[in-house]
Structures are given as C-alpha cells and as structure tokens.
Amino acid sequence: MEKTKVSLFGKMKNWFVEMKAELKRVVWPSFAKIRQNTFIVLVYVFLVGVVIWVLDWLFTSGMNLLINR
C-alpha cells in the first residue's frame, strides 16, 4: 500500500475544516455567566492581593523589629 502525500496546504485546509466543525459543537456561556465569572475572578484577585499585602507588611514589620532591636 502506498500512502499518498498530502501537501502542506491540504493539511492546513483539513485543520481549519476540523477546527470549524469542533467550534460548532462548543457550548458557549451566556453573557450573564461571563459577567458573573468575571466578577468572581476579580473578587478573588483582590482578596489574594490583600492577603499578600498583609503578609508582606507582617514580615517587614517582623524584620524591622529583629534588625532594630
């Protein structure tokens, strides 16, 4: 059996056809769900930032107490 060689452009066309078919099967979230998830992510980013800020302040204060004894 001989394998037929597919050209580069044939491979690219096949990839785009398969990608388009796959994207048709995707269940896209609603705008309300996107807004809700974005809000949740922003809240968690803010909370993690506050935790890092507090830890940084505590460690800096602790180091200053040890150094300036």
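The values are calculated or read from the model by the stated rules, or taken from the named source; none is laboratory data. Just so you know, these numbers come straight off a predicted model, no measurement behind them. For neighbour counting, all protein chains shown are included, and Cβ atoms are generated from backbone atoms with ideal geometry for every residue, glycine included.
Remarks
- Test result for Gly49, of a type in the set (Gly, Ala, Ser), surrounded by 10 or more Cβ atoms within 10 Å (Cβ to Cβ) and modelled with pLDDT of 95 or more: yes
- Assessment of the stretch 28-44 against the conditions (within 18 Å of the chain's Cα centre (by Cα) and assigned to a loop (DSSP other than H, G, I, E, B)) yields at least one matching residue.
- Condition met for Leu65 (under 24 Å from the mean Cα position of the chain (by Cα) and assigned to a helix (DSSP H, G or I)): no
- Lys5 among the basic types (Lys, Arg), out of contact with any Phe, Trp or Tyr (no Cβ under 9 Å at 6 or more places or on another chain) and not in a helix (DSSP H, G or I): yes
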